[in-house]
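The values are calculated or read from the model by the stated rules, or taken from the named source; none is laboratory data. Since the model is a prediction, treat every value here as computed from it, not as a measurement. Here Cβ is always computed from backbone atoms with ideal geometry, including for glycine, and neighbour counts include all displayed protein chains. Note: areas computed on protein heavy atoms with side chains; ligands, DNA, RNA excluded. Shrake-Rupley method; radii C 1.70, N 1.55, O 1.52, S 1.80 Å.
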Amino acid sequence: MSADGASIHASAVLAGDRAVLIRGPSGAGKSRLAFQLILAGRAGQLPATRLIGDDRVRLAKSDDGALLVRSVAELAGQIEIRGLGLRRLDFVPDGRVGLVVDLAAADAERLPPPRALRTVVSGIDVPRIPVAAGDDALLPVLAFLTTT
């Protein structure tokens, strides 16, 4: 993956072998969800879960057509925790995106239609969870990552 891929305002964690890309407007809870997923990994609710990047990440396409996400060097290993500021965490430099979570999504529904559960990012189709503003995103993300 090229280090000069498109940079976006998002957070990402690696849960097992797939990255969760978390998008949304400022203040929507991207960092919070990323940290909750890391804690879920530490508690054994998910496979080992590590930070890829918080606030800004880079996207690129792999040679085999997968969507890749990479940390931005200036922010690598840092996550914002509301009330504490920037904190350091172990991190991995990149991962293959297996899920996009859109926080404060206008199309979020209790029972979303199948088309809402997919998105195209950088020309690559990936699974998606739209989450309404104010809704807790952790439960549907845990369910996606641990159920079939």
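Taking label positions 7 Å along the Cα-Cβ direction at both residue 146 and residue 73, the computed distance is 3.9 nm, reported to one decimal. Neighbours of residue 29 by Cβ distance under 10 Å: Lys/Arg scored +1, Asp/Glu scored -1, total +1. Mind grabbing the base-10 log of I(q)/I(0) for the chain at q = 0.09, 0.11, 0.16, 0.20 Å⁻¹? Debye formula, identical points on the C-alpha positions, no solvent, two decimal places. Here log10 of I(q) over I(0) equals -0.24, -0.36, -0.80, -1.29. Here the contact order of region 10-91, divided by its residue count and restricted to Cα pairs under 8 Å and six or more residues apart, works out to 28 percent.
Apply 1/(1 + (r/R0)^6) to the Cβ-Cβ distance of residue 118 and residue 81, taking R0 = 30 Å, and write down the FRET efficiency to the nearest 0.05.
Details: r = 31 Å, r/R0 = 1.05.
E between residue 118 and residue 81, to the nearest 0.05, is 0.45.
Can you classify region 60-138 as rounded, prolate or oblate using the Cα gyration tensor, where a ≥ b ≥ c are the square roots of its eigenvalues, rounded means a/c under 1.5, and otherwise it's prolate if a/b beats b/c and oblate if not? Intermediate results must be reported in sequence, preceding the final value.
Values: a/c = 3.15, a/b = 1.19, b/c = 2.65.
Since a/c reaches 1.5 but b/c is at least a/b, the shape of region 60-138 is classed as oblate.
Rolling a 1.4 angstrom probe over the protein heavy atoms with all chains in place gives the chain an accessible area of 53 Å² per residue. Placing unit charges on the Cβ atoms of the charged side chains and taking the dipole of the chain about its Cα centre, the candidate lying farthest along the positive direction among 81, 132, 106 is 81. The slack in the chain from residue 110 to residue 56, taken as 0.36 nm per residue of separation less the alpha-carbon distance, amounts to 16.5 nm.
Amide H contacts for residue 128 (H built 1.01 Å from N in the peptide plane; partners 5 or more residues away or on another chain; cut-off under 5 Å): 100, 118, 119. Assuming R0 = 25 Å, what is the FRET efficiency of residue 64 and residue 90, from their Cβ-Cβ distance, to the nearest 0.05? Efficiency for this residue pair is about 0.40. Overall, the anisotropy analysis places region 19-73 in the oblate class: the square-rooted eigenvalues a ≥ b ≥ c of its C-alpha gyration tensor yield a/c not less than 1.5, with a/b not exceeding b/c. To the nearest 10, the accessible area of residue 109 is 100 Å² with a 1.4 Å probe. Under 15 Å from the Cβ of residue 91, count the other residues' Cβ atoms, weight Lys and Arg +1, Asp and Glu -1, and hand me the total. Overall, the nearby charge balance is +1.
Electrostatic tally near residue 116: other residues with Cβ closer than 12 Å to its Cβ, Lys and Arg +1, Asp and Glu -1, net +1.
Over region 1-110, with every protein chain in place, what whole percent of the accessible area is carbon and sulfur at 1.4 Å, could you tell me? All intermediate terms of the calculation are to be shown ahead of the outcome.
Values: 2610 of 5560 Å².
Of all accessible area on region 1-110, carbon and sulfur atoms account for 47 percent.
Calculated mean residue ellipticity, 222 nm, the chain: -4500 deg cm²/dmol, from DSSP H runs (n ≥ 4) at -39500 (n - 2.57) each, averaged per residue and rounded to 500.
Rounded to the nearest 20, the Cβ-based charge dipole of region 10-103 about its Cα centre (Lys and Arg +1, Asp and Glu -1) stands at 220 debye.
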